[in-house]
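Beneath this line is the structure, given in structure tokens, with notes to follow.
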Amino acid sequence: MKSIILAIVSVLCLVINVTAQTKSSKNSGFDFGLYGGINYNFHTPNFPIDSGTGNAAPLSKDIIFNTNNTSLSFHGGFIFNYDLSPRFTLSGRIGIQGLGADLSAKDTKPDTSAGVGTIATTHTFASSIATLEISPTVKINNLFENSQAYLLTGIELGFPISATYQHSEAADIQNASFSNKVYATDINIPEASARYGIIIGAGIPLDFYGYQLTPEISYRKSIINNISSVLSTWNVDQIRIGFAIKLGPNETEPEIILAPKIGIESIGSYEDGGAYKKLDINGIRVEDIQYTELFPFIPYIFFKANSDKPDETMQYMNAGDARGKFTLEALPQDAIEINKRTLDVIGTRLIDNPEATLVCIGTTDGKTEAKNKGLGLRRAQYAKTYLTSNFGIAADRIGAENRNVPENPSALNIEDGMVENRRVDFKSNSSEILQPIMIKGDGTRIAKPEMLEFRPIEVPDSTISSWTLSISQAGRTLREYVGIGSPTAQRWVIRPNELSNSQVPIDYTLTAINTAGGKADTSGSIPVEYRASLMNSVETRADMTVSKFSLILFDFDKSDIPEENIAILKKFVTPAIKGNSKVKIFGYTDKIGPDLYNKTLSTDRANAVRDILQTQIPDAMYEAFGRGEDVPIFDNDIATGRLLSRTVQIYVETPR
């Protein structure tokens, strides 16, 4: 019954191949041909045979054939292939193969001529075996770059066509008392069994005078150890070397790979209240203004789980200039990038403030790292050693402490919160060490709007595997966003001086590739209106001063401002506000928590800042907005981005 079931399965595999040809008349992926080659057979016998039959009975019976042997034979037949995908091909073979071999067994006979002693003889079991093989296999393609080589695996089903043997005996040394004998000639091997095996192999298709010729090598492991149910056991494994030649179909139309459907639905920005608004036909306005931006400085460095080395994706080590020296003046106008240089900023400020001291407090997530004793202290020691080694800070100016979790932890029971708690906190007796970073510039080019959102069209049930959004100006790449799956909305925060001082438009290209290898792209341009303020023939000046302050004034899930952060507002923001200034305050949150809750929290934060500033400069015009997590201004998938999102941004515009 088992043989019948397996035979049916193999036939079904072949039927699939045959019917696939009629499934589509155009590029069905079906082909057929011939195969053939040499078998190198490994015989492992261990069976007795009663030699007391035939035309002459030997002096001893029940000879045991148990000596391993090898043999060469041939195989050949028809092959059918059907491409399931560029990676997998279903292949079926039906043909004939030989398995025969000459097996031997040693024996002894009495030496009657001498009256004493024995004669050594060898019994030979010369078999001739042919089977009908049906072999369903799967080819695994495209494993190697620039090569058509494939691997294959499957099963072999062999059904006996003919199985005969000849049994003979001969003396090893000729002796008058013993004549060589043949006991059986062309006798059918009793109860010849079906053969079942496992196939593994490899091949590579080659073009040969207009034909596809495929050299192939395979190993076939027998999983049934009997050539015959009577002659048990007798196992035959194989190594095969051969070729397959493709006969047809001779021509197929090239496969049509459909390109994915993509497009940019809209490009827009967010109004003060947080509503999305499509960009108008005038595009982006670029102005030269006197510009000041205060960037938040996060007094933490983050670590991977159970590691005492900073996460290299969130913290640069030795981030110096071309001469290897780090300078604050070389910092980019980008909050994420600035906060990847935390240790270098602190080291530089400790040099400039020789009386300042620092405490490094190493913490863990309190969950997955709970059993890693001393991990927090090792993290703190790493930060201390970095500062003493790279900046020459005296060791007695830096302390190292250990805490289980931070004093003001992020959410303890969700993954994002745990990532943020694997860190070193820095505290100093001097406000100069951890204060925000101010970058000023005269004639700085500022874009309005300063953030654009690219919204792609929605693709339901998309087969898109990857995509790229590239943004450039005059051939200069400004940003490139990549992702997998369907394209998602991407936000471009335009840095000061990122755009050129010209009317050259912004070009963008969205490219997508689907799972079938199809590729599509869509492109467009955004107009740029550049305004240069010329006061006289020799000096370029701005008619407005714009200051932007991004401040992390709040602990996790809080809207009240600690006293030390009120001091930051008074030190940095208040001096920039005049009686004729227009002040806009935007509150933000990270993605942790419900949307409505975060909207309320961000509004409370913006109002808290407005109330403090209004008491200092009451004549200015103030507006406060809460944007929550709806308008993410930083990457919320990284710890630094989430912390920077717990912020308020203050814009102060003052006519000159």
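Would region 341-348 turn up any residue that is under 29 Å from the mean Cα position of the chain (by Cα), more than 30 Å from Asn497 (Cβ to Cβ) and either not hydrophobic (A, V, I, L, M, F, W, C) or not in a strand (DSSP E or B) (or both)? Steps first, answer last, please.
Let us first name the residues in region 341-348 that are under 29 Å from the mean Cα position of the chain (by Cα), namely 341.
Okay, now just the ones that are also more than 30 Å from Asn497 (Cβ to Cβ), so none.
Checked region 341-348: no residue is under 29 Å from the mean Cα position of the chain (by Cα), more than 30 Å from Asn497 (Cβ to Cβ) and either not hydrophobic (A, V, I, L, M, F, W, C) or not in a strand (DSSP E or B) (or both).
Looking at this structure, is Asn142 loosely packed, with under 15 Cβ neighbours inside 10 Å and in the same structural domain as Phe74 (by TED's automatic domain parsing)? Quick ask: steps written out before the conclusion?
Numbers: loosely packed, with under 15 Cβ neighbours inside 10 Å: yes; in the same structural domain as Phe74 (by TED's automatic domain parsing): yes.
The answer is yes for Asn142.
If we scan region 37-55, do we find a residue that is modelled with pLDDT of 90 or more, in the same structural domain as Leu213 (by TED's automatic domain parsing), crowded, with 17+ Cβ neighbours inside 10 Å and in contact with a Lys or Arg (Cβ under 9 Å, 6 or more places away or on another chain)?
Checked region 37-55: at least one residue is modelled with pLDDT of 90 or more, in the same structural domain as Leu213 (by TED's automatic domain parsing), crowded, with 17+ Cβ neighbours inside 10 Å and in contact with a Lys or Arg (Cβ under 9 Å, 6 or more places away or on another chain).
Every residue, every condition in (1) free of Cβ contacts under 8 Å to residues at least 24 places away in the same chain; (2) out of contact with any Asp or Glu (no Cβ under 6 Å at 6 or more places or on another chain); (3) part of a loop (DSSP other than H, G, I, E, B), yes or no:
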site	(1), (2), (3)
Lys558	yes, yes, yes
Asn565	yes, yes, no
Lys570	no, yes, no
Val573	no, yes, no
Lys578	no, yes, yes
Asn598	no, no, no
Leu601	no, yes, no
Ala608	no, yes, no
Leu613	no, yes, no
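Only residues that are farther than 25 Å from Lys325 by Cβ and surrounded by fewer than 21 Cβ atoms within 10 Å (Cβ to Cβ): list them for region 371-395, please.
Just the residues of region 371-395 that are farther than 25 Å from Lys325 by Cβ, to begin with: 371-381.
Hits for region 371-395 are Lys371, Asn372, Lys373, Gly374, Leu377, Arg378, Gln381.
Please find, within region 544-556, the residue that is surrounded by the most Cβ atoms within 10 Å (Cβ to Cβ) out of those that are in a strand (DSSP E or B) and out of contact with any Leu (no Cβ under 8 Å at 6 or more places or on another chain). It would help to see each step written out before you state the result.
First, pick out the residues of region 544-556 that are in a strand (DSSP E or B): 544-551.
Next cut, out of contact with any Leu (no Cβ under 8 Å at 6 or more places or on another chain) only: 544-546.
Numbers: Met544: 15, Thr545: 18, Val546: 20.
The qualifying residue surrounded by the most Cβ atoms within 10 Å (Cβ to Cβ) is Val546.
Can you pull out every residue in region 370-399 that is over 34 Å from the mean Cα position of the chain (by Cα), at negative phi and touching a residue at least 40 places away in the same chain (Cβ under 8 Å)? Walk me through it before giving the result.
To start, the set of residues in region 370-399 that are over 34 Å from the mean Cα position of the chain (by Cα) comprises 384-385, 387-399.
Okay, now just the ones that are also at negative phi, so 384-385, 387-391, 393-399.
Leu387, Asn390, Phe391, Ile393, Arg397, Ile398, Gly399, listed by residue number.
Just to be sure, is Ile439 over 22 Å from Glu265 (Cα atoms) and either touching a residue at least 24 places away in the same chain (Cβ under 8 Å) or assigned to a loop (DSSP other than H, G, I, E, B) (or both)? It would help to see each step written out before you state the result.
Numbers: over 22 Å from Glu265 (Cα atoms): yes; either touching a residue at least 24 places away in the same chain (Cβ under 8 Å) or assigned to a loop (DSSP other than H, G, I, E, B) (or both): yes.
For Ile439, the condition - over 22 Å from Glu265 (Cα atoms) and either touching a residue at least 24 places away in the same chain (Cβ under 8 Å) or assigned to a loop (DSSP other than H, G, I, E, B) (or both) - is met.
Against the definition (surrounded by 18 or more Cβ atoms within 10 Å (Cβ to Cβ) and assigned to a helix (DSSP H, G or I)), how does Ala400 come out, yes or no? If you could, list the steps in order and put the result at the bottom.
Working: surrounded by 18 or more Cβ atoms within 10 Å (Cβ to Cβ): yes; assigned to a helix (DSSP H, G or I): no.
For Ala400, the condition - surrounded by 18 or more Cβ atoms within 10 Å (Cβ to Cβ) and assigned to a helix (DSSP H, G or I) - is not met.
Checking the condition of a type outside the set (Asp, Glu), assigned by TED's automatic domain parsing to the domain that holds Tyr40 and either farther than 30 Å from Asp31 by Cα or part of a strand (DSSP E or B) (or both), which residue from Ile217, Ile187 passes?
It is Ile217.
Checking Thr589 against (1) closer than 14 Å to Ile650 by Cα; (2) in contact with a strand residue (DSSP E or B) (Cβ under 8 Å, 6 or more places away or on another chain); (3) β-branched (Val, Ile, Thr), which test does it fail?
Of everything listed in (1) closer than 14 Å to Ile650 by Cα; (2) in contact with a strand residue (DSSP E or B) (Cβ under 8 Å, 6 or more places away or on another chain); (3) β-branched (Val, Ile, Thr), Thr589 misses just condition (1).
For Lys181, all conditions in the list (1) touching a residue at least 60 places away in the same chain (Cβ under 8 Å); (2) touching an Asp or Glu at 6+ places or on another chain (Cβ under 7 Å); (3) assigned by TED's automatic domain parsing to the domain that holds Ile96 hold save one; what is the number of the exception?
The number of the failed condition is (3).
Are any of the residues in region 623-639 at pLDDT 90 or above, surrounded by fewer than 17 Cβ atoms within 10 Å (Cβ to Cβ), not in a loop (DSSP other than H, G, I, E, B) and not polar (S, T, N, Q)?
Among the residues of region 623-639, at least one is at pLDDT 90 or above, surrounded by fewer than 17 Cβ atoms within 10 Å (Cβ to Cβ), not in a loop (DSSP other than H, G, I, E, B) and not polar (S, T, N, Q), which makes the answer yes.
Return yes or no: is Asp31 modelled with pLDDT under 95 and under 28 Å from Leu231 (Cα atoms)? Write out each step before concluding.
Working: modelled with pLDDT under 95: yes; under 28 Å from Leu231 (Cα atoms): no.
For Asp31, the condition - modelled with pLDDT under 95 and under 28 Å from Leu231 (Cα atoms) - is not met.
Does any residue in region 132-156 that is part of a strand (DSSP E or B) come within less than 6 Å, Cβ to Cβ, of a residue that is at pLDDT below 90 six or more places away or on a different chain, and which pairs are these?
Cβ pairs passing all conditions: Ile134/Ser10; Pro136/Ser10; Pro136/Cys13.
Quick one: how many residues across region 465-522 are of a type outside the set (Lys, Arg) and either part of a loop (DSSP other than H, G, I, E, B) or touching a helix residue (DSSP H, G or I) at 6+ places or on another chain (Cβ under 8 Å) (or both)? Give the steps one after another, and end with the answer.
From region 465-522, those of a type outside the set (Lys, Arg) are 465-475, 477-478, 480-490, 492-494, 496-518, 520-522; that's our starting set.
Remaining after also requiring either part of a loop (DSSP other than H, G, I, E, B) or touching a helix residue (DSSP H, G or I) at 6+ places or on another chain (Cβ under 8 Å) (or both): 474-475, 485-489, 494, 496-505, 515-518.
Summing the residues that are of a type outside the set (Lys, Arg) and either part of a loop (DSSP other than H, G, I, E, B) or touching a helix residue (DSSP H, G or I) at 6+ places or on another chain (Cβ under 8 Å) (or both) in region 465-522 gives 22.
The values are calculated or read from the model by the stated rules, or taken from the named source; none is laboratory data. None of the values given here were measured: they were computed from a predicted structure. Counting neighbours? That spans all protein chains shown, and the Cβs are built from the backbone with ideal geometry, glycine included.
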